[in-house]
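S.K.: Below is the structure I would like to discuss, written out as structure tokens.
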Amino acid sequence: MVRRIGILGGTFDPVHIGHLRGALEVAEMFDLDELRLIPNARPPHRETPSCSAEDRLAMVRLAVADLPPLAVDARELERDRPSYTLDTLISLRAELAAEDQLLLIVGWDAFCGLPTWHRWEELLDYCHILVLQRPDAGSEAPQALQDLVAARSVPDPQALAGAAGQIAFVWQTPLEVSATQIRQLLASGKSVRFLVPDAVLAYINAHGLYRASN
Ligand code: ATP
């Protein structure tokens, strides 16, 4: 049976309800068999002292523990340097059946920056791209992408066909929450209750993460 797998990369520093709600909505909308959150590696000097890759991964694991089809994929952290998305896609593809669908989920802003990605023209050889478009953002792709969008986008996201190669746009109103905001609240001693799952909050507290005193 053909499987449909979504992937959502991010720093998840920390994972929050915006990520989880958005991921869950996409998973339901596309009836995904799996939606893998893939924490990105960062250059070691950019890790804040209070939050290691290990902590970020542990929090994502806690967040999706009872939330199928959401899952965690740690492959980018298992390498000793940041991965190009293309490399991640190639390594995922090697584990899937040829006909399985892979959906790379990107926000509109990230999509607009696509032409700066490593070997970006090859991405669609390995996956479909699902662009989460905010209702308040511009709806026209930048010039460098317009030809690709014209050639590869499908008007009905539900009609994505084949294992890879198409672009679809989904309109989604994101929750107004960011990891930056959460780090700032914690650094100033404020509560982040209800902005992250309780299990993530318990981890943050138990490990003293993001507190100004660290
Ligand atoms: P930071 O504030 O540290 O930049 P962030 O909250 O934006 O972090 P990332 O880890 O950079 O989180 O995001 C990973 C992915 O999740 C990105 O594709 C991003 O567009 C998406 N995302 C982030 N915040 C939200 C949100 N509130 N709702 C839906 N998707 C989100």
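Read the figures in this text as sums done on the coordinates, not as results from a lab. These numbers were taken from a predicted model, which means no experiment stands behind them. Note: ideal-geometry Cβ built from the backbone for every residue, glycine included; neighbour counts use all protein chains shown.
S.K.: What distance in nm lies between label points placed 7 Å from Cα along the C-beta direction at THR11 and ASP156?
M.R.: Going by the 7 Å Cα→Cβ label model, 4.0 nm.
S.K.: Would you give the gap between the C-alpha center of the stretch 11-28 and the C-alpha center of the stretch 85-149, rounded to a whole Å?
M.R.: For the stretch 11-28 versus the stretch 85-149, the Cα centre distance is 18 Å.
S.K.: When a/c is below 1.5 the answer is rounded, else prolate if a/b is larger than b/c, else oblate, so apply that to the stretch 75-166 with a ≥ b ≥ c taken from the square roots of the Cα gyration tensor eigenvalues. Could the numbers behind the result be given before it?
M.R.: Details: a/c = 1.92, a/b = 1.31, b/c = 1.46.
Because a/c hits 1.5 or more and a/b fails to exceed b/c, the stretch 75-166 counts as oblate.
S.K.: Further question on the same structure: Could you tell me which of rounded, prolate or oblate describes the stretch 1-143, using a ≥ b ≥ c as the square roots of the eigenvalues of the alpha-carbon gyration tensor, with rounded for a/c under 1.5 and, failing that, prolate when a/b is larger than b/c and oblate otherwise?
M.R.: Working: a/c = 1.25, a/b = 1.15, b/c = 1.08.
Rounded, because the longest to shortest axis ratio a/c is under 1.5.
S.K.: Based on the mean of other beta carbon atoms within 10 Å per residue, what is the order of 162-174, 5-17, most packed first? Intermediate values should be presented prior to the final figure.
M.R.: On the way: 162-174: 16.9, 5-17: 21.6.
Ranking, from highest mean packing down: 5-17, 162-174.
S.K.: Then there is this: If we count trypsin sites (Lys or Arg not before Pro) as exposed when they sit in a DSSP loop and have at most 15 other beta carbons within 10 Å, what is the longest stretch of the chain that avoids them all? Intermediate values should be presented prior to the final figure.
M.R.: Working: sites that count: ARG3, ARG79, ARG119, LYS190, ARG211.
With trypsin sites (Lys or Arg not before Pro) excluded where exposed in loops, the chain gives 4-78 as its longest stretch.
S.K.: For a quick check of your reading of the filter: which GluC sites (Glu not before Pro) in the stretch 31-82 sit in a DSSP loop and have no more than 15 other Cβ atoms within 10 Å?
M.R.: Values: sites: GLU34, GLU47, GLU54, GLU76, GLU78; in loops: GLU47, GLU76, GLU78.
Loop-located and lightly packed - GLU78.
S.K.: Please identify the GluC sites (Glu not before Pro) of the stretch 110-169 that satisfy two criteria: DSSP loop assignment and at most 14 other Cβ atoms within 10 Å. Which are they? The partial results should precede the final answer.
M.R.: Numbers: sites: GLU121, GLU122, GLU140; in loops: GLU140.
Sparse-neighbourhood loop GluC sites (Glu not before Pro): GLU140.
S.K.: Rounded if a/c is under 1.5, else prolate if a/b beats b/c, else oblate: with a ≥ b ≥ c from the C-alpha gyration tensor eigenvalues square-rooted, which is the stretch 56-212?
M.R.: Working: a/c = 2.07, a/b = 1.59, b/c = 1.31.
Prolate, since a/c reaches 1.5 and a/b exceeds b/c.
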